[in-house]
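**Student:** Okay, here's the structure, questions in a sec.
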Amino acid sequence: MTRDDAAWECRFEVRWADLDGNRHVRNTAFSEYATHTRFSLLAGRGFTQARLEELRFGPVMMREEVRYKREVRFGDSLTVTLRCAGLSADVSHWRVHQDVLRADGREAALLTIQGGWMDLDTRKLMVPPGELAEVLQALPRTADFQELPSLLRRR
C-alpha cells in the first residue's frame, strides 16, 4: 500500500564536529542524523525517552545500510526524511527508509534501517503497545513497502 502523505522530517545544519579529515560529513554523522530523526518521530507521537523507560521497552536496530550520493560540507543545511518501508502484521519488525537531502533537494545519502522492539527487562523481542503500533501503521510508506515476517518465535 503506497501512501502519499508527507514524510516525517528533521532539519540539521552541518557542524564542525560532523566533519572528517577531508572536511566533508563523516559517515557516522549520517547515521546520527537518521537516529535523531527516528527518535524525534517517536517523541512527537508521545513515546519520549521517559515514556519508553516507563513502559520498559525500546527500539533495537538490527541492520543499517547507508548509500552515499553527494558530498556535504560544514554549514550546509540538510533535511532527513523518514518513511516506512516494511512492517510485520504484529508490528514486531519494521524497516524505514531515510533520505538525507541537501538544501538544493539533491540526495546526499540514503539509509535503510531495519529493527524491532525489545523488552528492557527480559531482553527479548516483543510486540509494541497498541498505541505505538497505530503510529507505525499510519506512517507514510515507500512505494516498495513490504510486509515483513514477525520477529517473535512461535511457541
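**Student:** Test Leu111 against the criterion of being of a type outside the set (D, E, K, R) and under 18 Å from Ser40 (Cβ atoms), and give yes or no.
**Tutor:** yes
**Student:** Can you pull out every residue in segment 43-77 that is polar (S, T, N, Q) and farther than 22 Å from Gly116 by Cα?
**Tutor:** Across segment 43-77, the qualifying residue is only Ser77.
Okay, residues lined up against (1) under 28 Å from Gln137 (Cα atoms); (2) at pLDDT 95 or above:
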residue: Arg3; (1), (2): yes, no
residue: Ala7; (1), (2): yes, no
residue: Arg15; (1), (2): no, yes
residue: Glu54; (1), (2): yes, yes
residue: Val60; (1), (2): yes, yes
residue: Val66; (1), (2): yes, yes
residue: Glu71; (1), (2): no, no
residue: Phe74; (1), (2): no, yes
residue: Ala109; (1), (2): yes, yes
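**Student:** To continue, here is another question. Select, from Thr112, Thr37, Thr79, the only residue that is under 23 Å from Arg15 (Cβ atoms), in contact with an Asp or Glu (Cβ under 6 Å, 6 or more places away or on another chain) and of a type in the set (Ser, Thr, Tyr).
**Tutor:** Answer to the selection: Thr79.
**Student:** Please list, ordered by residue number, the strands (runs of 3 or more DSSP E) wholly in segment 54-155 having 3 or more residues that are among the charged types (D, E, K, R), at negative phi and exposed (fewer than 15 other Cβ atoms within 10 Å of the Cβ).
**Tutor:** Passing ranges, in order: 57-68.
**Student:** Would you mind stating whether Arg95 is over 19 Å from the mean Cα position of the chain (by Cα) and either more than 30 Å from Arg23 (Cα to Cα) or at pLDDT below 95 (or both)?
**Tutor:** no
The values are calculated or read from the model by the stated rules, or taken from the named source; none is laboratory data. Worth saying up front: this structure is predicted, and the values here are computed from it rather than measured. FYI the Cβ positions are ideal-geometry reconstructions off the backbone, even for glycines, and counts take in every protein chain you see.
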